[in-house]
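Here's the structure, in structure tokens; my notes come after.
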Amino acid sequence: MNLSNLKPAEGSTFTKQRQGRGQGSGGGGTARRGHKGAKSRSGYSAKVGFEGGQMPLQRRVPKFGFKNINRVEYRGINLDVLQRLSETKGLTAIDNAALVANGLASKNDLIKIMGRGELTAKLEVTANGFTKTAKAAIEAKGGNATIVKK
């Protein structure tokens, strides 16, 4: 086998039917679009959500709630994750760059350290936020919890 004799699997490709190219082709006349109406015209496209004149679903269903434009979204990282990271990678200082390098966050995420799990290692943790329990647990082991603003 080489590049000169490669071909697609049997039945995986189809020849395109050329519509509207005369009666002998089988797809002439109306080009299989039926007679008259908007769908037979060139350039037709249905509006998204159009239901043939019936009140569309997005207008029938009532609006509720609101989106707070001032909300700050954090990526939550728990203490047990930090503990596992320090054991497997041998880290003593954990910051945004270390979390990004290990695939736990993306570079634009705001990081908040949460209090789930046990922490046995002494860690220097730098993040955008801490819960009270997480900060207390880090400092109880002799570590340091530093908040950085982004």
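The values are calculated or read from the model by the stated rules, or taken from the named source; none is laboratory data. Only a predicted model underlies this, so the values are computations on that prediction, with no experimental measurement involved. As a convention, Cβ positions derive from the backbone with ideal geometry for all residues, glycine included, and neighbour counts pool all protein chains shown.
See the values below:
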{"quantity": "Count of segment 124-150 residues which are touching a strand residue (DSSP E or B) at 6+ places or on another chain (Cβ under 6 Å) and of a type in the set (A, V, I, L, M)", "calculated": "6"}
{"quantity": "Selection count where residues are outside any helix (DSSP H, G or I), out of contact with any helix residue (DSSP H, G or I) (no Cβ under 8 Å at 6 or more places or on another chain) and under 13 Å from ASN78 (Cα atoms), scope segment 126-145", "calculated": "2"}
{"quantity": "Answer residue from segment 89-115, given it is modelled with pLDDT under 95 and among the basic types (Lys, Arg) and is nearest to ILE77 (Cα to Cα) among those", "calculated": "LYS107"}
{"quantity": "Contacts under 6 angstrom Cβ, first residue in segment 84-109 being farther than 14 Å from LEU123 by Cβ, partner loosely packed, with under 11 Cβ neighbours inside 10 Å, 6 or more apart", "calculated": "VAL100/LYS107"}
{"quantity": "Selection within segment 102-115 - surrounded by 14 or more Cβ atoms within 10 Å (Cβ to Cβ) and not β-branched (Val, Ile, Thr)", "calculated": "ASN102, LEU104, ALA105, ASP109, LEU110, LYS112, MET114, GLY115"}
{"quantity": "Boolean, LYS149 is exposed (fewer than 12 other Cβ atoms within 10 Å of the Cβ), in contact with a helix residue (DSSP H, G or I) (Cβ under 9 Å, 6 or more places away or on another chain) and either not in a helix (DSSP H, G or I) or not acidic (Asp, Glu) (or both)", "calculated": "no"}
{"quantity": "Any hit, segment 58-76, residues being surrounded by 10 or more Cβ atoms within 10 Å (Cβ to Cβ), of a type in the set (Asp, Glu) and more than 20 Å from ALA136 (Cα to Cα)", "calculated": "no"}
